[in-house]
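Please read the structure below before turning to the comments.
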């Protein structure tokens, strides 16, 4: 049988205790070997025999109940029995608390999430063979896997069980990415290595993965990877191509987020200026247009309004396809009175509105500054550079590479340009997904330092502009075969609506209680017992949990072949001892 157990779970040599109490989600058991000072070995593998965090299996008729030891203690009357130099020398009698996680049919079949049959008082408790742990992880099915063709399933080799070199943890892409994935962990916990390992494994197959590299630390990848760089400088490696996200690929609201108009006068004038420039783009030879601009002072309103009505689809759309070099001057041209003062001038615009011009001066200066700023050159001065959106489309159509890395390392932090650019990329991918582009070839988008790009609202309390492309991907991308994998050290900054959509969590060490609460809310009832282990995880260790995993599993991520460049400053090399005493001032 394909789902037969890899090892008999109730070996006499693995017996470690007896159940003395059963509750709805836990059991208590005598663990006489837990006070032993000598390690237990079984076929060269260490057996905890009553250690906190150890997996155990409890007899329950024709099934076994799989659990994890979460607490080991001595009854108060026996607490001095472990002292070798004081108190009684009688044998210690430890008691352990076992969190009940899943049910394993002994006759064959996949493990079942939850407890379908409870053990009885007096049931025996056995330490679990590592091969059984990995078997449970391997045989937790997901809907996507059920539709796979017959034969061996494609799996990604990600990790081992801690302390074991033979118990390899492999996961299918359906279970890792099918319901989206989140890699969480504090700085130094190993989340960058985890993301690197996942990407390397994907490169072994004809996958399609886009990596948004916020810091440029994944530049070392070389096989089947295309590198792009957005910013004033080209990122490593040498074959990295310099690209841009032209402003014409953005939406009006993106420009509002960059230019930050005030809601009173500036926002309406900016909107009308964009509308005028769009009309000038559509009708370049119209008498209304002079040098690519439309002047309104003293002019008839009816020809302009009629032209706008005829081309309403283009004029009133959300695109930003117009000549932005003329925006600052057009804003000034929009500052006119709505009608003339003289009798018979009601059908014309009036004179210049000096008050509005004064209010819009700061907006005009910001527009001119954006056009000349080197930080915004990938958006506003993109001539001669390929569009990152065109590169994405070409990558999706090509069979040469499996991964497209987009580096934002040299993209400015000021003026919200990083957030706007990343959101523009996400919006483009969501549009392609809605067109059905990924039904035959699913796409995974990996976002490093995701807290920089999710849950972002630009503007102030009077005018707010949402950057919600990736949030929409998390909510609806799955039905379009577009998955997202986020990596962040600040889970508390990720919206609950996004975290709640993550079907798989790889959680490294987390010490902040607010971050732990986010994981606890996102995890199911069975998985919450693993949250207590998060602060004590070693570097490279992570808790693997999610909808398609019947048990929360602590794993040791295998090192990537090309580690990310995430090392900190080298003080030993930079801080050299002074050979002479410093001269006093």
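Each of residue 139 and residue 457 was given a label point 7 Å from its Cα along the Cα-to-Cβ line. The distance between the two points is 4.9 nm. How far is helix 191-202 tilted off the main Cα axis of the chain, in degrees rounded to 10, range 0 to 90? The answer is roughly 90 degrees. Every helix of 4 or more DSSP H residues in the chain counts as -39500 (n - 2.57), and over all residues that averages to -7500 deg cm²/dmol at 222 nm.
Each of 502, 112 has some number of other Cβ atoms within 10 Å of its Cβ, and from fewest to most they run 112, 502. When peptides 168-176, 490-498 are ranked by their average number of other Cβ atoms within 10 Å per residue, the highest-first order is 168-176, 490-498.
Between residue 439 and residue 386, the simple label model (points 7 Å from Cα in the Cβ direction) yields a spacing of 2.9 nm.
Length gain on complete extension for the stretch residue 11 to residue 318, per 0.36 nm per residue less the alpha carbon to alpha carbon distance?
Here the answer is 103.8 nm.
Can you order the peptides 48-56, 120-128 by their average number of other Cβ atoms within 10 Å per residue, highest first?
Working: 48-56: 20.9, 120-128: 18.8.
Highest-to-lowest ranking by the protection proxy: 48-56, 120-128.
Shown for 457, 349: other C-beta atoms within 10 Å of each C-beta, ranked fewest to most, produce the order 457, 349.
Under the simplified labelling scheme, the residue 153-residue 20 pair shows an inter-label distance of 4.0 nm, with each label point 7 Å from Cα along Cα→Cβ.
In terms of surrounding Cβ atoms within a 10 Å radius of their Cβ, 370, 308 rank from fewest to most as 308, 370. Counting only alpha carbon atoms, the long axis of helix 513-522 and the longest principal axis of the chain meet at about 90°.
Roughly speaking, what is the stretch gain from residue 577 to residue 476, that is 0.36 nm per residue apart minus the C-alpha to C-alpha distance, in nm to one decimal? Write down the numbers at each step before the final one.
Numbers: separation 101, 0.36 × 101 = 36.36 nm, distance 5.77 nm.
Using 0.36 nm per residue and subtracting the Cα-Cα distance, I get 30.6 nm.
What angle, in degrees between 0 and 90 and rounded to the nearest 10, separates the Cα long axis of helix 388-397 from the longest principal axis of the Cα atoms of the chain? Roughly 50 degrees between the two axes.
Which percent, nearest 5, of DSSP beta bridges in the chain are antiparallel? Intermediate values should be presented prior to the final figure.
On the way: 59 of 92 bridges.
Once the DSSP bridges in the chain are tallied, antiparallel ones form about 65 percent.
Subtracting the Cα-Cα distance from 0.36 nm times the residue separation, let me have the gained length for residue 238 to residue 398 in nm, one decimal. List each step's numbers first, then the result.
Details: separation 160, 0.36 × 160 = 57.60 nm, distance 2.13 nm.
Working it through step by step, the gained length comes to 55.5 nm.
None of the figures in this text is laboratory data; all of them are computed from the coordinates on show. Since we're looking at a predicted model, the values are computed, not measured. Neighbour counts are summed over all protein chains in view; Cβ atoms, including those assigned to glycine, are modelled from backbone coordinates with ideal geometry.
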